[in-house]
Amino acid sequence: MLNFIIFAACVLVIVATRLIMGLLKHVPSLSSRLLYACVILLIAGIPLIYFNANKLVRLDARRHWPTTMGQVVESEVHGKDAIRPLVVYTYEVNGATYTDSSALQAPVFGNGRKEYEVARELSGEHPKGSNVRVYYDPKDPKESTLMPEAPWDVYGKIGLGATLFMLGLFGILLPRRKQRAPSGRTS
């Protein structure tokens, strides 16, 4: 899946480059404002796809990190504008003790009351003194996470980038397709 996303991002970059360089001079019927808007959409989608696909690959590696058991030393709801659970935990790797924290990938949107309820529920799942499975980077054990999955917003940004790219691409290609005269014989 991740290899496909990276491959698709590379293909989109190549297609966008060829479109921008080749099609701009061959689409005289589009108004220049509409054409520029489509090109901007196309270009805006590329970095969203590319950078978030790369981030997804890096985050996916966390699923394969070794694990150890840790202990929660603090669990609370934190923040005013962006209310999140904050879980502080300690864990041991090769005789060294590390401390890290996690916001448990809580979504930060909605009204304050709902944010608080979600944060309180997630924080309550990891009370102070409880044991937790800690995924740690074998190359740098101070890097750790409680949730090795990629957060939902990475997938959302890839989807947004693909949507922008496709809107721009269709905006450029569809009017051009309508311009072509039907092929028929004349005698």
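What percent do you get for the relative contact order of the range 66-145 when only Cα pairs under 8 Å and 6+ apart count? Before the final figure, lay out the partial values.
Values: 162 pairs, mean separation 30.6, N = 80.
Computed over the range 66-145, the figure is 38 percent.
Need one number: nm distance between label points at Ser32 and His64, each 7 Å from Cα along Cα→Cβ, rounded to one decimal.
Here the answer is 5.1 nm between the modelled labels.
Just want the ordering: Thr68, Thr97, from fewest to most Cβ atoms lying within 10 Å of their own Cβ.
Ascending Cβ contact count within 10 Å gives the list Thr97, Thr68.
With no solvent and one point on each alpha carbon, what is the Debye value of log10 I(q)/I(0) for the range 66-145 at q = 0.11, 0.13, 0.18, 0.20 Å⁻¹?
Values, matching the q order: -0.30, -0.41, -0.70, -0.81.
Pull out the extension gain between Arg133 and Asp81, defined as 0.36 nm times the separation in residues minus the alpha carbon to alpha carbon distance; nm, one decimal.
On the way: separation 52, 0.36 × 52 = 18.72 nm, distance 2.93 nm.
Length gained, Arg133 through Asp81: 15.8 nm.
Can you order the peptides 38-50, 71-83 by their average number of other Cβ atoms within 10 Å per residue, highest first?
Highest mean packing first, the order is 38-50, 71-83.
Arrange His126, His64 by Cβ neighbour counts within 10 Å, fewest through most, would you?
In increasing order of surrounding Cβ atoms, one gets His64, His126.
Coordinate-derived values only; no laboratory data. Everything numeric here is computed off the predicted structure, so don't read it as measured data. Backbone-built Cβ (ideal geometry, glycine too); neighbour counts: all protein chains shown.
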